[in-house]
1. Is the stretch 66-107 best put as rounded, prolate or oblate by its Cα gyration tensor, with a ≥ b ≥ c the root eigenvalues, rounded for a/c under 1.5, and otherwise prolate when a/b is larger than b/c, oblate when not?
2. For the stretch 8-118, with all protein chains present and a 1.4 Å probe, just round the carbon and sulfur fraction of the accessible area to a whole percent.
3. Considering only protein heavy atoms, what per residue accessible area in square angstrom results for the stretch 1-98 with a 1.4 angstrom probe?
4. Could you pull out every residue, at least 5 positions away or on a different chain, whose amide H is within less than 5 Å of the one on Leu250? Hs are placed 1.01 Å off N in the peptide plane, and Pro or chain starts have none.
5. Over 29 Å between C-alpha atoms is what I'm after, so list which of Lys33/Lys240; Lys30/Lys166; Lys70/Lys106; Lys30/Lys204; Lys41/Lys106; Lys99/Lys232 land there.
6. Hey, what's the stretch 173-285 come to in accessible area per residue, 1.4 Å probe, Å²?
7. So, in nm, how far is label Tyr112 from label Glu79 when the simple model puts each one 7 Å beyond its Cα toward the Cβ?
8. Using the Cβ atoms and a cut-off under 14 Å, what net charge is assigned to the surroundings of Asp73, where Lys and Arg are +1 and Asp and Glu are -1?
Amino acid sequence: MGSALDPHRVLLNDGNYLPIFGLGTSSTDKPVKGETVEAVKIAIEMGYRHFDGALMYGNEDEVGEAIRAKIADRTVKREDVFYTSKVWMTYLSPTLVQKALEKTLKDVQLDYIDLYLVHWPMGLKPSENELFPSDASGKILMDDVDFRETWKVECHPYFNQNKLLKYCQHNNIVLVGYSPLGKLNYSKFVSPEKPILLNDPELKKIGDKLHKSVAQVVLRYQVQRGVVVIPKSFNQGRMKQNMAIFDFELTNEEMKTINGLNKSIRYVTLEQLQDHPKYPFHDEY
Ligand code: A2P
């Protein structure tokens, strides 16, 4: 069965498509049992077709259970759903990558996953960062060509990644923005005392004019500039609100105003690791 969001896809450089909008499934530090299954089932019923998960989130079994349940009741077919997982950065030798992927496949109990990313690739040179499924069984290849399909970074109007976006567009790489709402669940990875994106008065003005929430404005901003967004919400109302971004358009003027809000504010800073020689966030991106 199709979905309201089906046409909104971006082409990956291997010929596959990635839905430009999806659901983040990173729960709190300690996921509540059953919460993810319920949220993902409801999301599929609402029309979500892209789910962003990771071994590290600790709930891939529940994401898989929900997807399988919705395939079993014929709401979707496997090929309608795009599932991204991630190998944690300490599992990057070929044997460990294979093991991590096998664990993910065992947890989700799907025949394959659609995209496999390196979760915070600290200190990896691009040529070592080439992991992609070779076939539908999800085998991993490590290749030494400079090949990247997607690049996932924090991205929102206060950290708009304009330079990296230009680079990606030029090089056929899809930019995926995490924390598109400016990271509201203040976990241990987030530095406090930063201005709250969703309270921005300019964004509020634009939202009021369009009868849209600030969250919808910032999500629309991203899809309109070709950035894939995967906001996490397990709340039905907010899940619904977040997907209602394809029935309006921001004008060039509004896009320019939003671009002008950039403050290079990174919310997810992993501060406890900043003395590590491979700390990733001394970089600009
Ligand atoms: P909730 O699940 O209670 O909706 P991330 O930056 O990792 O994508 O996390 C998004 C955070 O923002 C979650 O804590 C989520 O909480 C919250 N959230 C998601 N959508 C909205 C929204 N439309 N308005 C306000 N908060 C939201």
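1. prolate
2. Of all accessible area on the stretch 8-118, carbon and sulfur atoms account for 52 percent.
3. Per residue, the stretch 1-98 has an accessible area of 45 Å².
4. Result for Leu250 returns nothing.
5. Table pairs above 29 Å Cα-Cα are Lys30/Lys166; Lys30/Lys204.
6. Here the residues of the stretch 173-285 average 51 Å² of exposed surface.
7. 1.0 nm
8. +3
The values are calculated or read from the model by the stated rules, or taken from the named source; none is laboratory data. From a predicted model like this one, the values you see are computed outputs, not experimental measurements. Every residue, glycine among them, receives a Cβ derived from its backbone with ideal geometry; neighbour counts consider all protein chains shown. Ligands, DNA and RNA are excluded from the accessible area calculation, which covers all protein heavy atoms including side chains. Shrake-Rupley method; radii C 1.70, N 1.55, O 1.52, S 1.80 Å.
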